1. Tell me whether region 233-247 contains one or more residues that are at pLDDT 90 or above, in contact with a strand residue (DSSP E or B) (Cβ under 6 Å, 6 or more places away or on another chain), within 30 Å of residue 171 (Cβ to Cβ) and surrounded by 15 or more Cβ atoms within 10 Å (Cβ to Cβ).
2. Of 55, 35, 72, 11, which residue is farther than 19 Å from residue 131 by Cα, in contact (Cβ under 8 Å) with a residue 24 or more places away in the chain and touching a helix residue (DSSP H, G or I) at 6+ places or on another chain (Cβ under 8 Å)?
3. Which ranges mark the helices (runs of 4 or more DSSP H) fully within region 30-139 that have 1 or more residues being within 20 Å of residue 151 (Cα to Cα)?
4. State yes or no: is residue 250 out of contact with any helix residue (DSSP H, G or I) (no Cβ under 8 Å at 6 or more places or on another chain), more than 14 Å from residue 20 (Cβ to Cβ) and either at pLDDT 95 or above or loosely packed, with under 14 Cβ neighbours inside 10 Å (or both)?
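The values are calculated or read from the model by the stated rules, or taken from the named source; none is laboratory data. Keep in mind that what you see is a predicted model, and the values were worked out from it rather than measured. Methodologically, a virtual Cβ is constructed for each residue, glycine included, from the backbone with ideal geometry; neighbour enumeration extends over all protein chains shown.
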């Protein structure tokens, strides 16, 4: 897709990957709608875009609300590019999870993508052009222990994106889904009910990543321009994705062995 002159809408654009996507899209698009739950965050990013010579408009948006999405569609009108980026993180196994965690993950990470697509894809189909970018996670491709609600929601985003791409392929609309692993961003700010030690461990992994939010955003935009479905920015993890697809039993055995080792080390520390 040629992004030049397009109107784009980015959710969760007030910080992190959403900010990077909005800033980079603004160099090619005629207008970028910067939406976020934080009005101040959205305004700050819009100000950056304008300072760089781009055109930006803002709207406060809670992606967990159908009504908020309807009001956004009514105000914005048509868009050529929809970026469903807003999301939250969570760490923990099933036995430590509760209703709030599951509702939050599904309602924001999955249904936020569904709501945005339901509001804006019909207009794209009617016009015969458009591009949707959904931000999932490598967790949606490579299930592991300890993040079960997050894995579940992000895997559903991948599946939704694949199905939507098939549905609208003949209507001139492209769909891409990005599955990054850890990269340098503010993801830990959205973690609820997670121990400080776990947050620190996750933050360390992100800080050590060779990729920044700008790197991931660039990979996403290039994929949209080529109308590619799957975006895996972390090249080193692509072989693991291939292993899981071609040899799923071997992949599961590998993770179970890692879990066995972790439990043994934990028991040794506690004894």
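1. Looking for residues that are at pLDDT 90 or above, in contact with a strand residue (DSSP E or B) (Cβ under 6 Å, 6 or more places away or on another chain), within 30 Å of residue 171 (Cβ to Cβ) and surrounded by 15 or more Cβ atoms within 10 Å (Cβ to Cβ), one finds none in region 233-247, hence no.
2. Selected residue: 55, the only one of 55, 35, 72, 11 that is farther than 19 Å from residue 131 by Cα, in contact (Cβ under 8 Å) with a residue 24 or more places away in the chain and touching a helix residue (DSSP H, G or I) at 6+ places or on another chain (Cβ under 8 Å).
3. Those helices (runs of 4 or more DSSP H) span 99-104, 111-127.
4. So residue 250 does not fit the description; no.
A quick yes/no check of all residues on (1) assigned by TED's automatic domain parsing to the domain that holds residue 215; (2) more than 19 Å from residue 178 (Cβ to Cβ); (3) touching a strand residue (DSSP E or B) at 6+ places or on another chain (Cβ under 7 Å):
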| position | (1), (2), (3) |
| --- | --- |
| 14 | yes, no, yes |
| 17 | yes, no, yes |
| 22 | yes, no, yes |
| 31 | yes, yes, yes |
| 35 | yes, no, yes |
| 41 | yes, yes, no |
| 46 | yes, yes, yes |
| 53 | yes, yes, no |
